[in-house]
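Working notes, structure below.
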Amino acid sequence: MDFSTPPYVLGETSVRRVMLQVLLGLLPGIAAYVWLVGASIVLQLAMATLAALTGEALMLWLRGRPLRLFLSDGSAIVTAWLIALTFPPLAPWWLIVVGTLCAIVVAKHLYGGLGQNPFNPAMIAFAVCIVSFPALMSQWPVLGLKLSLDEQFKLIAGLAPRIDVMSGATPLDALKTALKLGEGSVDVPTLLATQDVFGNFAGRGWEWVSSGYLLGGLWLWQRKIISWHAPLGFLGGLSLLAAALWMWSPQQFASPLFHLFSGGSLLGAFFIVTDPVSGCTTTRGKLIFGFSVGVLAYTIRVFGGYPDGVAFAVLLLNLCVPLIDMYTQPPIFGMKNEP
Amino acid sequence: MLRQLFNFKGGVKPQTNKAPSVQAPIGQAPLPSRLYVPLHQSIGGSPNPLVQPGEQVLKGQLIGSADGWLSAAVHAPTSGTVLAIEDHVAAHPSGLPTLSVVIEPDGRDQWAARRPLDHRTLAPERVRELLRDAGVVGLGGAVFPSHAKLTAAKTVAVEQLVINGAECEPFMTCDDLLMRERAEESVRGIAIFRDLLAARRVLIGIEDNKPEAVAAMQAAVLQLGEDYEVVAVPTRYPAGGAKQLIRVLTGKEVPASKRSTELGVQCFNVATVYTAYRALAHGEPVISRIVTLTGNVEQPRNWEVRLGTPLRDLVALGRPKADTSNYLMGGPMMGFAIPDLAAPVVKATNCVIAGSPSLFPASPPEMPCIRCGACAEACPHELQPFELYWFARARNFGKTQEYHIFDCIECGCCSYVCPSHIPLVQYFRFAKSEIWSREREKQAADAAKARFELRNARAEREQTEKAERLARAATARTAERKALPVKADAAASQPAASVEAAVTTSPVDAEAVKKASIVAAIERARAQREAVQPRNTEQLSAGQKKEIAAIDARRAALADPAKPADATSERTGG
């Protein structure tokens with residue numbers, strides 16, 4: 001009988017429950033995203049989910065693990081959604097399939113499956129694809145581009161030519177490009193005020209997607225699915241560096257608010273650096289981990305060659321997790337005054 | 001009075017399920033047809049049986065005496081006949097047998113002589129002995145002999161004595177009912193412990209989901225004019241853990257590496273205090289205890305049960321429902337499934353819960369750890385259970401110790417909150433027992449090594465001694481050969497006196513000289529041996545010497561029948 005080990009009562013919790021709540025937490029952001037770019041993102045989410053579950057099933061079968069138990073835990077779907085939300089919404093179908101399979105097959109299962117991956121699978125997908133297909137990964141739809149559902153479907157399926165008009169850039173990219181082209185002659189405030197791509201406090205429209213993530217993230221925190229340490233560390237690191245440079249030269253650097261609501265900042269803060277498997281586990285460790293990711297992400301996105309730095313920052317810090325955890329073990333009950 | 005309470009980290013809030021068993025007062029469980037009283041019912045040495053099969057025993061009669069200081073006596077729970085002293089299934093998850101005294105009650109329930117005592121008139125050491133001989137042990141479930149906890153640390157005075165009435169385990173209400181119904185005696189018992197420890201303050205901690213118990217204890221304290229503080233502590237498992245309750249009431253944190261008295265605090269369960277009072281003030285040793293019988297039964301209730309009552313007889317009192325699938329001893333958080341209802345109620349049996357598939361559903365399948373850290377948040381000892389789990393799984397036991405596995409109190413909070421349903425506590429128990437068995441193995445190996453080295457050293461020493469002896473003998477022989485003519489002369493004159501027989505035949509016979517020297521050598525060796533070896537008759541008392549003298553005299557009389565009168569006179573004189 002499997003009635004032999006205490007405790008005989010268990011809390012109402014399971015991996016599936018945790019993962020489902022993370023998915024629920026993503027919904028406000030997704031809703032804003034759909035409002036911004038249309039149904040294409042839903043299609044991307046569906047394709048990523050399908051690819052993730054297929055890859056998961058295949059690997060579970062190869063590894064001789066119970067299919068039903070692990071397919072229903074929801075972890076692959078979380079990875080899939082995070083990938084879909086970081087890829088350009090009109091990217092061809094195979095791009096997201098390649099990215100998702102990379103995440104599930106290589107980053108997750110080749111390292112031992114659920115709970116064993118040292119790197120964040122979604123960030124591996126992003127990093128692999130932006131290195132391998134930089135052009136496709138940089139084609140973001142120009143806002144105001146009104147494409148019918150059919151047109152969007154054709155673009156994603158590769159049945160229509162990828163017209164230049166839809167190859168926009170993210171607000172972060174636009175800012176960086178403008179500053180580079182202007183060789184310092186343009187200043188950020190006028191740029192933000194004049195260019196169509198910028199909105200009230202960050203990228204036009206994108207600021208609301210980010211706000212959606214913030215809302216969902218706060219809900220997860222309130223539900224105690226995530227702790228505040230890593231997100232606060234991340235947002236703190238990012239905005240501290242941003243604020244320092246912005247105050248030093250507001251002409252050259254955007255405000256912390258702009259950075260907080262641009263690119264993957266808020267998605268990263270509440271859904272990426274909070275990944276328990278690849279992140280730190282101690283409270284001090286989480287703060288250090290988040291802070292370092294924030295500083296590194298800002299550095300890469302402002303001074304580096306990529307439009308955003310969250311993915312690389314996270315992966316680099318994933319490497320440091322065992323070290324950080326080892327040095328941040330909290331003192332235990334009754335040993336707080338010991339050296 | 002409002003006092004500042006401290007908080008302990010972690011903990012969980014499982015459904016308490018206490019209401020069903022507090023509806024009825026404590027019932028007296030009827031005498032069963034047989035009692036199986038295990039001799040070993042506490043931490044420490046296993047008591048030695050003092051009765052024989054067929055012997056009549058009285059209620060409260062000592063049937064097993066404490067074996068050493070850390071042990072507690074065992075008594076007959078009623079009057080009757082000892083049927084056997086044999087192995088009987090133990091109230092233990094293993095279901096292994098333990099040496100038990102089987103008693104058939106005679107129904108008269110006749111007490112042995114009881115001697116009520118006032119602890120204030122006795123020396124502290126005597127009180128501790130009395131408690132040990134009355135079988136007073138921690139009734140919270142740990143069954144640690146209480147007298148062994150009643151000595152203050154040498155350098156630290158006991159600031160607070162904590163009386164534990166928290167009872168944080170779900171389902172369990174035996175302490176609650178005890179405090180409601182027998183508050184006065186419980187409060188009276190506290191004085192014994194307070195005086196032995198010379199504690200300055202007494203704090204009685206009760207979870208705030210037991211307002212009746214709090215009120216009853218407060219009333220008793222007031223009535224007896226004591227200055228004890230009855231404190232309602234927030235209900236959160238495991239607030240009733242000794243270390244957690246100490247933390248909540250005093251702010252002190254007792255690590256695994258220290259005794260609580262070293263921090264000037266000590267903690268006793270309220271039921272223990274009650275039994276200590278009965279033991280001293282009424283001379284009644286611990287022969288029964290209050291047991292909560294609850295769960296999937298028609299009549300959940302607390303019963304005062306004789307120790308040794310088979311669990312089958314106890315659970316029948318509650319009338320288990322048809323779908324009852326198993327029984328737990330202890331609470332659902334730290335208890336265990338009873339392997340056999342033939343096992344008896346023992347001092348550790350605070351609660352028996354009838355389980356059903358709907359009450360305690362089977363644990364969902366174990367998933368991999370996702371390092372979410374929920375266990376670390378729930379751990380009241382602020383450990384990192386998931387790290388311990390990884391190390392235990394990898395059999396990296398050194399690391400588990402580095403991460404403080406022995407600070408784990410196995411409260412089960414980590415398993416309770418784990419979304420992957422990992423039986424973490426089992427992993428920790430496994431790691432602990434592996435470490436213990438390795439330490440035992442190492443000790444055994446060390447002892448064997450020491451024995452081996454000692455043996456080698458002895459062999460070597462004997463060899464060198466032999467070589468030296470041989471060398472000496474060789475030099476002696478050469479010297480002898482040189483001095484042979486002289487020695488022959490000497491042999492003719494000197495040893496002749498002692499060994500006349502040899503000399504008389506032929507005074508100059510070399511053979512005879514040799515024989516004589518051998519006899520002389522034997523005589524010398526004997527004298528030497530006697531001089532070196534202390535005789536075991538040397539350090540004797542006058543009485544013993546007299547006795548030996550008497551024996552020698554008898555022997556002499558037997559050997560020499562000619563002098564019987566002497567022997568008799570010696571005997572009468574001795």
>> What distance in nm separates the two pseudo spin-label positions at residue B:465 and residue A:299, each 7 Å out from Cα along the beta-carbon direction?
In response: 7.6 nm
> Which cross-chain or sequence-distant (5 or more) residues have an amide H under 5 Å from the amide H of residue B:351, H modelled 1.01 Å from N in plane?
Replying inline: B:292, B:330
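Can you work out the FRET efficiency for the pair residue A:149 and residue B:319, with r the C-beta to C-beta distance and R0 = 60 Å, to the nearest 0.05?
Working: r = 67 Å, r/R0 = 1.12.
In this case the efficiency is close to 0.35.
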>> With θ taken as phi - 60° and the coefficients 6.51, -1.76 and 1.60, list the Karplus ³J(HN,Hα) couplings across the stretch B:326-331 in order, rounded to whole Hz; mark glycine and proline as x.
In response: 6, 10, 10, 10, x, x
> Rounded to the nearest 500 deg cm²/dmol, what is the calculated helix-only ellipticity per residue at 222 nm for chain A, with -39500 (n - 2.57) per DSSP H run of length n ≥ 4?
Replying inline: -18500 deg cm²/dmol
> So which residues of the stretch A:14-54 lose at least 50 Å² of accessible area, probe 1.4 Å, when you go from the chain by itself to every protein chain present?
Replying inline: A:15
> Could you give the nm distance between label points at residue B:448 and residue B:259, where each point is 7 Å from its Cα heading toward the beta carbon?
Replying inline: 3.5 nm
> What is the local net charge at residue B:461, summed over the other residues whose Cβ is closer than 14 Å to its Cβ (Lys, Arg +1; Asp, Glu -1)?
Replying inline: -1
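Please list the equivalent ellipsoid semi-axes of the protein assembly as shown, computed as the square roots of five times the alpha-carbon gyration tensor eigenvalues, in descending order and whole angstrom.
Working from the Cα gyration tensor, I get semi-axes of 78, 43, 26 Å.
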> Cβ under 14 Å from residue B:54's Cβ, residue B:54 left aside: what net charge do those residues give with Lys, Arg +1 and Asp, Glu -1?
Replying inline: -4
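Rounded to the nearest whole Å², what accessible area per residue is found for the protein assembly as shown with the 1.4 Å probe? Could you put the intermediate results ahead of the total?
Values: 43000 Å² over 913 residues.
Value for the protein assembly as shown: 47 Å² per residue.
Within chain A, what's the longest stretch lacking trypsin sites (Lys or Arg not before Pro) that sit in DSSP loops with no more than 13 other Cβ atoms inside 10 Å? Please report the intermediate quantities before stating the final value.
Working: sites that count: A:146, A:223, A:224, A:336.
The segment A:1-145 is the longest one with no such site.
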>> If I compute solvent accessible area with a 1.4 Å probe over the protein chains, what percent of it on the stretch A:197-339 is carbon and sulfur?
In response: 69 percent
>> Please list 3J(HN,Hα) in residue order for the stretch A:269-282, calculated via the Karplus relation 6.51 cos²θ - 1.76 cosθ + 1.60 where θ = phi - 60°; whole Hz, with x for glycine and proline.
In response: 4, 9, 10, 9, 6, 8, 4, x, 5, 9, x, 6, 10, 7
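Rounded to the nearest 500, what is the 222 nm mean residue ellipticity of chain B from helices alone, with -39500 (n - 2.57) per DSSP H run of 4+ residues and division by all residues? List each step's numbers first, then the result.
Numbers: 17 runs with 227 residues, N = 574.
Using -39500 (n - 2.57) per qualifying helix, the result is -12500 deg cm²/dmol.
Give me a single rounded figure for B:417-427: the average over its residues of other chain Cβ atoms within 10 Å of their Cβ.
Working: counts 4, 5, 13, 7, 5, 0, 6, 1, 3, 3, 0.
Mean partner-chain Cβ count within 10 Å for B:417-427: 4.
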> Amide H to amide H under 5 Å from residue B:288: which residues, 5+ apart in sequence or cross-chain, H placed 1.01 Å off N in plane?
Replying inline: B:307
> In percent, what relative contact order does chain B have, based on Cα pairs under 8 Å that are 6 or more apart in sequence?
Replying inline: 15 percent
>> Taking amide H atoms as placed 1.01 Å from N in the peptide plane, list the residues 5 or more away in sequence, or in a different chain, whose amide H sits under 5 Å from that of residue B:71.
In response: B:45
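Can you give the Kirkwood hydrodynamic radius for chain B, in Å, rounded to one decimal and based on Cα pairs? Before the final figure, lay out each step's value.
Numbers: mean 1/r = 0.0345 Å⁻¹.
It works out to 29.0 Å.
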> Just how far, in whole angstrom, is the stretch B:368-391 from the stretch A:187-237 if you go by their alpha carbon centroids?
Replying inline: 32 Å
>> Quick check on the stretch A:8-105: take the gyration tensor over C-alpha atoms, sort the square-rooted eigenvalues as a ≥ b ≥ c, and tell me if it's rounded (a/c under 1.5), prolate or oblate.
In response: oblate
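Under a point-charge model restricted to the Cβ atoms of Lys and Arg (+1) and Asp and Glu (-1), what is the dipole moment magnitude of the protein assembly as shown relative to its Cα centre, in debye to the nearest 20?
On the way: 87 positive and 79 negative charges, 299 e Å.
Using Cβ point charges on Lys, Arg, Asp and Glu, the protein assembly as shown gives about 1440 debye.
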> Which percent of the accessible area of chain B is formed by carbon and sulfur heavy atoms (probe 1.4 angstrom)?
Replying inline: 54 percent
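Give the shape of the stretch B:224-306 as rounded, prolate or oblate, defined through the alpha-carbon gyration tensor: a ≥ b ≥ c are the square roots of its eigenvalues, a/c under 1.5 means rounded, and otherwise the shape is prolate if a/b is larger than b/c and oblate if not.
Values: a/c = 1.97, a/b = 1.35, b/c = 1.47.
In terms of gyration-tensor shape, oblate.
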> How much length is gained on full extension from residue B:551 to residue B:118, taking 0.36 nm per residue of separation minus their Cα-Cα distance?
Replying inline: 151.0 nm
> Can you run phi through the Karplus equation (6.51, -1.76, 1.60; θ = phi - 60°) for the stretch B:100-117 and list ³J(HN,Hα) in whole Hz, with x for Gly and Pro?
Replying inline: 10, 9, 8, 10, 9, x, 8, x, 7, 6, 8, 6, 6, 4, 10, 10, x, 9
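Using a/c under 1.5 as the rounded threshold, could you call chain A rounded, prolate or oblate? The axes a ≥ b ≥ c are square roots of the C-alpha gyration tensor eigenvalues, and prolate needs a/b larger than b/c, oblate otherwise. Spell out each step's value before the answer.
Numbers: a/c = 2.03, a/b = 1.25, b/c = 1.62.
Cα axes put chain A in the oblate bin.
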> If you take the accessible area of A alone, add that of B alone, and subtract the area of the pair, what total do you get in Å², probe 1.4 Å, to the nearest 100?
Replying inline: 3700 Å²
>> At a cut-off of 50 Å², which residues of the stretch B:381-407 become less accessible once all protein chains are present than in their chain alone, using a 1.4 Å probe?
In response: B:382, B:384
> Counting alpha carbon pairs within less than 8 Å and at least 6 residues apart, what relative contact order, in whole percent, applies to chain A?
Replying inline: 18 percent
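Please give the FRET efficiency for residue B:152 paired with residue B:523, using the beta carbon to beta carbon distance and R0 = 60 Å, rounded to the nearest 0.05. It would help to have the intermediate numbers written out before the result.
On the way: r = 64 Å, r/R0 = 1.07.
Calculated value: 0.40.
The values are calculated or read from the model by the stated rules, or taken from the named source; none is laboratory data. Quantities reported herein were computed from a predicted structural model and do not represent experimental measurements. We place every Cβ from the backbone using ideal geometry, glycine too, and count neighbours over all the protein chains shown. The protein model used for the area step is the full one, side chains on, heavy atoms only, and it has no ligands, DNA or RNA in it. Shrake-Rupley method; radii C 1.70, N 1.55, O 1.52, S 1.80 Å.
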